[in-house]
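Here, each number is a calculation from the coordinates, and none is a lab measurement. Given the structure is predicted, the values throughout are model-derived calculations rather than measurements. Don't worry about glycine lacking a Cβ; one is built from the backbone with ideal geometry, like all the others, and counts go over all protein chains shown.
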Amino acid sequence: MWRTLFVAGLLVLAGCATEAPSSATDDRTGGERALTADETPDRPNPWGDDELTVAINNTANSSRNFRPLVADALDFWANNSTRWAGFAIDYELRPNASNPDIIVEFVDSIESCANVSDPAGCAPYVNYGGGVSRPVTIEVVGSYSNDSTLLILKHELGHTLGLNHTADPQSVMAPSSQLRTLPRPNATERRLPWNDANFSVYLADENATNPGTVREQVRHALDYYARGADGTVPANVSFEFVDNRTEAEVVVELGDQLPCRTGDSGSCGRVRGTDPDGDGALERYDHLRVTVSGLDTEAVGWHVGYWLGYGFGFEDDAEWPDPFRNASYDERRSEWWTDE
């Protein structure tokens, strides 16, 4: 989202996060062709049983009841297994069963699953050709919304019926899906709206008349926040200049024009990040871009300092440190960084 000094309007660019339900499947398909909706599959039941007992182990969130979601996922496959898997299957859900066929484990995170990064779920691919080693464990990350959790459960249960990522229904078995987490605090509600407090900074000063003075101004702003910005940011914040723009989390650019407005000189700030809970507000930032144009060199540091505050999630004027509250023309060109 962009925010502009001197302009009231905001141009909002929503961010999003995509995480994929995944499992250890593709490297163990054995060359089986995918099932399609145009044919009626007829495959042997790899389990050898018409009814499977399913237990639940919840180590992710003891206050959350996952049983209704597991029951819905089991009902889906009990009603559709003949069509999609090629054989009929039924389930008995007994959360505390001592000898279940399947255990659904809700976990905080999945450490490893077929070399997939940050999987939302993981299950072994069960196909016909040998005995099933029971119980089969399905792992599901327990921080997703109900709708997303249900999709993950259906997907992973599909793998236990022999379906791979190319099988139908693709609404369930596709290797990636748009998932939403449970509600999370927005970036503007966090003390530190980034994953860590160590920032890489790229300064695009090729349009500057006095690049050395501009860099000094930017350094004043960075040092001010590294010292805690009068207690408004965490004390462990640090900044380091880098030479590669693509490696930088913070980009400060001196431009001939502003990307967020036309007309007078000024500055713009934009944050980019992720919205994993899908509420339309970013929960984490991963990039801050500051653009200044047509400013006296002595004012560059103040404008960069202002947008650094925006990058720390400040919204109301009262949240910014004193030097950035209703600063006059002269104050913006003063040694404001010494006023702590």
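Over all pairs of different C-alpha atoms in the chain, the reciprocal of the mean inverse distance, the Kirkwood hydrodynamic radius, equals 23.3 Å.
Amide H contacts of Glu253 (H built 1.01 Å from N, in plane; Pro and chain starts excluded): Ala204, Val290, Thr291, Val292 sit under 5 Å, all sequence-distant by 5 or more or on other chains.
Apply the Debye scattering formula to region 181-340, with a single equal point scatterer on each alpha-carbon and no solvent, then give log10 I(q)/I(0) at q = 0.08, 0.11, 0.16, 0.20 Å⁻¹. Values, matching the q order: -0.22, -0.42, -0.90, -1.39. Applying the criteria of a DSSP loop state and at most 14 other Cβ atoms within 10 Å to the GluC sites (Glu not before Pro) of region 82-142 yields Glu111. Computed from Cα positions, the angle between helix 67-84 and the longest principal axis of the chain comes to roughly 60 degrees.
Round to the nearest 10 and give me the degree value, 0 to 90, for the angle of helix 297-311's Cα axis relative to the longest principal axis of the chain. Taking Cα atoms only, the helix is inclined about 30 degrees. Just to confirm the number: angle between the C-alpha axis of helix 211-226 and the first principal axis of the chain, 0 to 90 degrees, nearest 10? Helix 211-226 sits roughly 60 degrees off the main axis of the chain. Net charge in the neighbourhood of Leu150 (other residues with Cβ under 13 Å of its Cβ; Lys, Arg +1, Asp, Glu -1) is -1. A DSSP coil position with no more than 16 other Cβ atoms inside 10 Å describes the following trypsin sites (Lys or Arg not before Pro) in region 141-198: Arg190, Arg191. The stretch between Asp196 and Asp49 holds 47.9 nm of extra length on full extension. This uses 0.36 nm per residue minus the Cα-Cα distance.
Look at where the Cα atoms of region 305-340 and of region 64-106 average out, and the two centres are 57 Å apart. For region 171-251, the alpha-carbon coordinates run over 58, 32, 16 Å along the three principal axes, in decreasing order.
Counting charges near Glu216 (Lys, Arg +1; Asp, Glu -1) among other residues having Cβ under 13 Å from its Cβ returns a value of -2.
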